[in-house]
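I have placed the structure first, in the form of structure tokens, so that the comments after it can refer back to it.
The values are calculated or read from the model by the stated rules, or taken from the named source; none is laboratory data. Since the model is a prediction, treat every value here as computed from it, not as a measurement. In this analysis, Cβ positions are derived from the backbone assuming ideal geometry, glycine residues included, and neighbour counts consider all displayed protein chains.
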Amino acid sequence: MPVYDEKTDDEKARWYSSGARFYVEGRSRYPAALIAAAAAVAGWRPDSRILEIGSGPGTATQDFAALGGRFTCVEPNADFVALAREILAPFPDVSFQTSTLEQADLPVPFDIVLAASSFHWIDQQRGVRRIGEVLAPAGFAVLLWNKEPQPVAGQAEAVEEAFRRSGYKQPIARQSRDDVAAVFRGLAGPLQTEAFEERLFCHVELGEDYGIERFVALHRSLSPFLALAPERQERVAEALTGNLHALLGPVILTTRISAAHIFQKAER
């Protein structure tokens, strides 16, 4: 994904700052079935040592922390870390480092490395090598993915028209479930080496009703929107909110694909 590969570590650390609160408002949690499947395959225990890379505002952390475990969350964006500290305050065994994976000072080893929609942000050579170094023998790498929600077929054209009227191209391409699954599987390519063994790949599709304001917040958290000049972000968001209300009413019906991909460190 060139938008990530071309950025320096400092640029990655600042990228989501202007969209941090919209990330919390607009992004979906991960399905409970995927959380349960990942925990079962990775042998999650109350005393498991977990490293989460790119933990953001704690979107996945809060569901996994409810299962127990001692978490070290590595997140380079200070605004995300501040939000996560508030959201995860009920969980005393969660600590934070405002750092990239590659630069973090980590208390190794870890039983599980978790990356929820963040694996594509790490350096695909240095970062993957670091994962192998910090994992305990036979430890697990757990990747989770959420595809951005897509309006159902009966509303898709109206959503496209709302974006067109707002002067901003709809950034979420419509894809089939199989196509999305293939993209998610492909993103794990750097782990598909002799150093790791694949243990699970599964995906689910579910529906979700999005209020207009939340749907706009979702888009304000996406990289194409964050790349706009700040003044244009405000204009587009206001226009998009009005056009979606006019064309669709208060709610957009959507579906999305979520996936879990789990690897185990190979025995040497």
I need a count of the residues in the stretch 28-55 that are more than 21 Å from PRO107 (Cβ to Cβ), buried (at least 20 other Cβ atoms within 10 Å of the Cβ) and of a type outside the set (A, V, I, L, M).
2
Does any residue in the stretch 79-105 that is within 17 Å of TRP121 (Cβ to Cβ) and at pLDDT below 95 come within less than 7 Å, Cβ to Cβ, of a residue that is acidic (Asp, Glu) and not in a helix (DSSP H, G or I) six or more places away or on a different chain, and which pairs are these?
GLU102/ASP123
Can you spot a residue in the stretch 139-149 that is touching a Ser or Thr at 6+ places or on another chain (Cβ under 7 Å), surrounded by fewer than 16 Cβ atoms within 10 Å (Cβ to Cβ) and either under 16 Å from THR254 (Cα atoms) or among the acidic types (Asp, Glu) (or both)?
no
Can you name every residue in the stretch 236-252 that is surrounded by 17 or more Cβ atoms within 10 Å (Cβ to Cβ) and either in contact with a Gly (Cβ under 6 Å, 6 or more places away or on another chain) or outside any helix (DSSP H, G or I) (or both)?
ILE252
All but one of (1) closer than 27 Å to VAL204 by Cβ; (2) crowded, with 21+ Cβ neighbours inside 10 Å; (3) among the hydrophobic types (A, V, I, L, M, F, W, C) hold for LEU101; which doesn't?
(1)
Tell me which of these HIS219 doesn't satisfy, since it passes every other one: (1) farther than 19 Å from GLN150 by Cβ; (2) part of a helix (DSSP H, G or I).
(1)
Yes or no: GLU213 without any contact (Cβ under 8 Å) to a residue 12 or more places away in the chain and either within 30 Å of GLU133 (Cα to Cα) or assigned to a helix (DSSP H, G or I) (or both)?
no
If the requirement is being at pLDDT 95 or above and within 15 Å of the chain's Cα centre (by Cα), which of these qualifies: ALA136, ALA116?
ALA116
Looking only at the stretch 156-169, filter to residues that are crowded, with 19+ Cβ neighbours inside 10 Å and not hydroxyl-bearing (Ser, Thr, Tyr); which one of those is nearest to ALA260 (Cα to Cα)?
VAL159
Can you tell me which residue among PHE71, PHE64 is without any contact (Cβ under 8 Å) to a residue 60 or more places away in the chain, out of contact with any Cys (no Cβ under 9 Å at 6 or more places or on another chain), part of a strand (DSSP E or B) and among the aromatic types (Phe, Trp, Tyr)?
PHE71
In the stretch 6-62, anything in contact with a Leu (Cβ under 8 Å, 6 or more places away or on another chain), farther than 19 Å from CYS73 by Cα and among the β-branched types (Val, Ile, Thr) is listed as VAL41
Tell me which residues, restricted to the stretch 22-68, are at positive phi and either within 17 Å of the chain's Cα centre (by Cα) or modelled with pLDDT under 95 (or both).
GLY54, GLY56, GLY58
Selection status of PHE184, within 30 Å of ARG49 (Cβ to Cβ) and surrounded by 15 or more Cβ atoms within 10 Å (Cβ to Cβ)
yes
With criteria (1) within 30 Å of PHE140 (Cβ to Cβ); (2) surrounded by 14 or more Cβ atoms within 10 Å (Cβ to Cβ); (3) modelled with pLDDT under 95, HIS203 comes up short on (3)
Does SER55 qualify as being part of a loop (DSSP other than H, G, I, E, B) and in contact (Cβ under 8 Å) with a residue 24 or more places away in the chain?
yes
